[in-house]
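The structure appears below as structure tokens.
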Amino acid sequence: MSKHLTHTKDFNKDDILRIFTYANEYLDKKKRDDLKGHLIINVFFENSTRTRSSFEIAAKRLGADVVNLDVARSSTAKGETLFDTAANLDAMGPSAIVVRHNRAGVPKILSKYVKSSIINAGDGAHQHPTQGLLDLFTLMRKWGDLKGKKIAIVGDIRNSRVANSDIELFTRFQAEVLLVGPPHFLPKSSLPKTHNLKEAIEWADAVISLRTQTERHSQPSFASLQDYAENFQITKDLIKDKNILIMHPGPVHRNIDISDEVLADERCLVLEQVKNGVAVRMGILKFLIEN
Amino acid sequence: MKIKVPKSFDLNVKNSESVAKIAAAAKNGGVGYALMIPTIKPIYDKLHLAYNLKRANEENFNLLVAIEGIHQGKLSEISILRKKGARAIYINSDEDMNLIKRVFEYASFLDIPVFINANNKALSLGVMNDSPRAYALGLNGIPNYAESIEVAKILELSKNFDAKIVFQSITAKESIEILKNRPSNVYVDVCIDNLYFSDEDVGEFNTLFKTTPPLRSEEDRQALLNACEKEIVDFISSNHIAATQKDLPFEEAEYGISKLDIFTQLAYSLPLPHETVTKLISTNPAKLFGIEINEYIEIEFGEYEIDCFTFSSKAKNTPYKTLKAKIV
């Protein structure tokens with residue numbers, strides 16, 4: 001088994017199911033001492049509030065010590081090689097290093113140089129494996145199994161690390177995945193694609209709406225967010241009374257990605273995802289550090 | 001088995017390191033003549049031109065220097081530079097079309113070839129080929145049409161002039177399709193990297209495969225090899241770039257693949273008839289400049305490991321691992 005989590009593929013199905021067993025227990029929000037005496041370093045080269053807090057809470061609930069290194073600007077931009085960055089962090093003796101970076105592939109490269117476990121908390125538009133796992137966990141808690149379920153992913157898929165991780169996991173767990181968005185946002189992929197949100201919602205058992213990644217666009221792709229929302233906002237009119245689950249990795253652009261009315265609807269699992277996120281990250285930390 | 005072949009004439013060595021290093025690496029790589037292409041540092045005036053020619057003279061190396069035909073939106077003094085020893089003009093295809101037309105006019109009366117970098121910058125905001133691999137890695141891709149659109153445009157213009165026009169480092173099968181029926185004043189060059197590697201070789205962020213123009217799909221690679229065999233391609237060159245900043249995130253790593261030290265060996269290791277290779281790396285480039293190559297080398301065939309630490313280039317890294325040919 002992998003010592004690191006840089007990509008969802010690092011974990012096989014059994015690993016994932018074991019993590020989910022832990023996570024189910026951890027939903028009780030009780031403090032434990034499973035990781036007492038372990039140091040976990042959160043190093044975020046890119047701003048993040050919720051993912052970093054989620055990891056910090058997860059580590060603390062397991063009794064670990066947590067240090068947050070805030071690196072506003074990437075030290076690689078100051079000329080430090082990735083080897084130096086990794087060696088310096090590793091020398092502090094952590095059991096795990098949680099890394100977020102705006103450049104794709106950085107956690108993977110760091111993992112080659114360190115003794116501790118590297119956990120990818122999002123790297124560019126590449127991967128966000130812990131978000132993928134918590135999305136999978138959330139759906140499995142609702143459905144028990146993903147086999148044959150229909151999941152539509154809507155939005156800026158091409159620039160979304162969440163979509164990359166979700167797609168890998170959902171297809172591995174035998175769900176059908178449909179990519180929904182304007183041509184601007186659809187990747188080169190063999191999965192089915194559509195521009196028609198109405199039809200996609202009629203087809204789907206769950207919809208994952210994504211945040212439009214305006215910060216990852218070097219050129220304008222849509223005239224405005226509203227112009228995008230015109231065709232791709234999840235609204236009550238579209239979901240009607242259908243038995244469907246609505247998810248979003250957050251932060252949500254209200255009334256762009258999802259309407260206020262849908263966000264308040266009980267079929268919308270956004271806050272449940274956040275709650276599950278802590279438990280799943282606890283499971284991941286325990287799994288990687290104890291093994 | 002051994003064969004005797006003329007030294008090669010490399011039409012695409014970027015000015016990414018000192019002339020002394022280029023000369024030493026060229027010697028290792030069986031390269032008798034090299035054309036220096038000014039993409040790393042500017043060469044558009046007498047000073048920059050003279051500096052490089054002087055260094056080449058000191059090294060006793062047959063270095064031909066290309067000048068930028070258009071520098072920062074202005075025409076260079078091509079007549080003066082031609083007289084001072086410039087042997088080729090280099091331009092980007094997406095400059096002002098009126099200026100490109102002027103460059104073609106200059107080129108025809110001065111009898112100096114124009115090397116075209118066919119690339120639409122606005123469509124090229126990526127770091128590798130636009131492909132499922134790029135998407136899986138979360139990297140922005142450069143589509144084939146960023147090149148082929150420019151090839152089509154420049155080819156149309158070329159038909160109206162008799163200047164020698166060389167499309168340098170063509171990578172896309174669509175470009176080859178467009179260039180198949182070109183007029184006799186238009187030439188096609190490919191970079192050897194695109195004959196060896198595809199975008200899949202980038203694997204998990206291997207920056208040794210980050211180069212420009214990018215490595216394309218396997219289908220493109222096969223189309224290029226096929227075009228070499230059918231001699232739709234006129235030249236194979238190295239596009240040697242001495243990139244040293246490789247231990248960085250893929251998006252920040254330097255572009256380029258170092259291989260001037262092994263260029264001729266790599267060319268004869270390709271799955272192409274030896275006579276074709278000789279034509280594409282020696283005879284055809286020499287003919288373009290009206291030069292005759294009088295120096296010969298002996299090539300022996302076998303299996304040889306590459307040790308990049310023996311390179312004379314400052315870039316002691318390369319994705320190439322083995323050779324089927326070595327210089328005796």
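The values are calculated or read from the model by the stated rules, or taken from the named source; none is laboratory data. Computed from a predicted structure; not experimentally measured. Glycine gets a Cβ as well: all are built from the backbone with ideal geometry, and neighbour counts include every protein chain shown.
Side notes on the structure shown:
- Restricting attention to the range B:119-137, the residues that are more than 11 Å from B:Phe205 (Cβ to Cβ) and part of a strand (DSSP E or B) total 1.
- So A:Thr85, is it over 25 Å from B:Glu204 (Cβ atoms) and polar (S, T, N, Q): no
- Filter result (in a helix (DSSP H, G or I) and either in contact (Cβ under 8 Å) with a residue 60 or more places away in the chain or of a type in the set (Val, Ile, Thr) (or both)) within the range B:85-100: B:Met97, B:Ile100
- Residue that is nearest to the other protein chains (Cβ to nearest Cβ) [pool: residues in the range A:90-107 that are closer than 18 Å to B:Asp247 by Cβ and among the β-branched types (Val, Ile, Thr)]: A:Val106
- Each residue in the range A:90-115 was checked for being crowded, with 24+ Cβ neighbours inside 10 Å and assigned to a loop (DSSP other than H, G, I, E, B), and 4 of them qualify.
- Top-ranked residue in the range B:121-140 [being without any contact (Cβ under 8 Å) to a residue 40 or more places away in the chain and crowded, with 24+ Cβ neighbours inside 10 Å; ranked as nearest to the other protein chains (Cβ to nearest Cβ)]: B:Gly138
- Here A:Lys29, A:Lys3 are screened, and the one residue that is of a type in the set (Lys, Arg), closer than 30 Å to A:Leu82 by Cβ, in a loop (DSSP other than H, G, I, E, B) and at pLDDT below 95 is A:Lys3.
- Selection count where residues are without any contact (Cβ under 8 Å) to a residue 40 or more places away in the chain and not in a loop (DSSP other than H, G, I, E, B), scope the range B:251-291: 2
Residue by residue, here is whether (1) without any contact (Cβ under 8 Å) to a residue 24 or more places away in the chain; (2) of a type outside the set (D, E, K, R); (3) in contact with a Leu (Cβ under 9 Å, 6 or more places away or on another chain) holds:
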{"position": "A:Lys3", "(1), (2), (3)": "no, no, yes"}
{"position": "A:Lys13", "(1), (2), (3)": "no, no, no"}
{"position": "A:Lys30", "(1), (2), (3)": "no, no, no"}
{"position": "A:Asp34", "(1), (2), (3)": "no, no, yes"}
{"position": "A:Val43", "(1), (2), (3)": "no, yes, yes"}
{"position": "A:Ile57", "(1), (2), (3)": "no, yes, no"}
{"position": "A:Ile97", "(1), (2), (3)": "no, yes, yes"}
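- Within the range A:1-55, the residues that satisfy the criterion of being within 14 Å of A:Asn291 (Cα to Cα), surrounded by 16 or more Cβ atoms within 10 Å (Cβ to Cβ) and touching a strand residue (DSSP E or B) at 6+ places or on another chain (Cβ under 6 Å) are A:His4, A:Leu5.
- Highlighted here are the strands (runs of 3 or more DSSP E) found entirely within the range B:151-243 that include at least 2 residues which are over 21 Å from B:Asn129 (Cβ atoms): B:165-167, B:186-191.
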